[in-house]
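Working notes, beginning with the structure itself.
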Amino acid sequence: MLSQLADPHSYFLNPHAVATVLASLALLALAVAVLVRERASRVSRLFAVACATILVWLAAFSAMYCAKTPYVGQWWARAAYLGVPLIPVAIYHFTLLVLRRAPEPDWLLRAAWALGLSFDAVILTTDALVAGVYHYPWGYYPRYGWLSVPYLKYFLGMMVVTLRT
């Protein structure tokens, strides 16, 4: 089944994927430019990590939109959601570094990274978050499982923590 992922016949050129492809390329260019300009400083590296988490999400969604089969679409949906749980944590960590604030309390940052990586483990091993895909005129889109509500609470909670920093 994995051979389908590398088979060009498993995909079609979907005009609906253009926006996410362009956003992915722009984000990659931005991350590289910041790394080069800032000589790979600690802040620029963490900025690149935040960009990479978003890049994984957008690039995988682009491939999912272009998938011809549910198997390929679901594989890319899972791949996309490997980056998404780490987006709010990477942004929070970057914000702390830029503002030169120690995380208060310190365990919160570690716990946030651990929780984000735990969601990644669940995504890789179960159907609890990405339970399948729906087929729409623009392509495949994830069908969410029972873990989506706790996951959204985590994501939004981390973004609120970041905004309050």
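Once mean projected area of the Cα convex hull in nm² is worked out from the coordinates, which option in (i) 10.4; (ii) 11.5; (iii) 12.1 does it equal?
So the calculated entry is the one marked (i).
Classify the stretch 118-165 as rounded, prolate or oblate, taking a ≥ b ≥ c as the square roots of the eigenvalues of its Cα gyration tensor: rounded when a/c is under 1.5, otherwise prolate if a/b is larger than b/c and oblate if not.
Oblate is the answer for the stretch 118-165, as a/c is 1.5 or above yet b/c matches or exceeds a/b.
Could I have the simple spin-label model distance between Met159 and Arg143, label points 7 Å from Cα toward Cβ, reported in nm to one decimal?
Roughly 2.6 nm, to one decimal.
If you roll a 1.4 Å probe over the heavy atoms of the protein chains, what accessible area per residue do you get for the chain, in Å²?
Using a 1.4 Å probe on heavy atoms only, each residue of the chain averages 57 Å².
Using Cα pairs closer than 8 Å and at least 6 residues apart in sequence, work out the relative contact order for the stretch 35-158, in percent.
Working: 152 pairs, mean separation 32.2, N = 124.
This gives 26 percent for the stretch 35-158.
Filter the chymotrypsin sites (Phe, Trp or Tyr not before Pro) in the stretch 118-165 to those in DSSP coil with at most 16 other Cβ atoms within 10 Å of their Cβ, and list the result.
Loop-located and lightly packed - Trp138, Trp146.
Hydropathy at least 0.0 by Kyte-Doolittle, axial extent at least 30 angstrom from the Cα trace: which helices of the chain, defined as entire DSSP H runs, fit?
The qualifying helices are 42-66.
The values are calculated or read from the model by the stated rules, or taken from the named source; none is laboratory data. Note that the structure is a prediction, hence the values are computed from the model and not measured. Positions of Cβ are backbone-derived with ideal geometry, glycine not excepted, and every protein chain shown enters the neighbour counts. Each accessible area value is taken on the protein alone, full model and side chains, heavy atoms only, with ligands, DNA and RNA left out. Shrake-Rupley method; radii C 1.70, N 1.55, O 1.52, S 1.80 Å.
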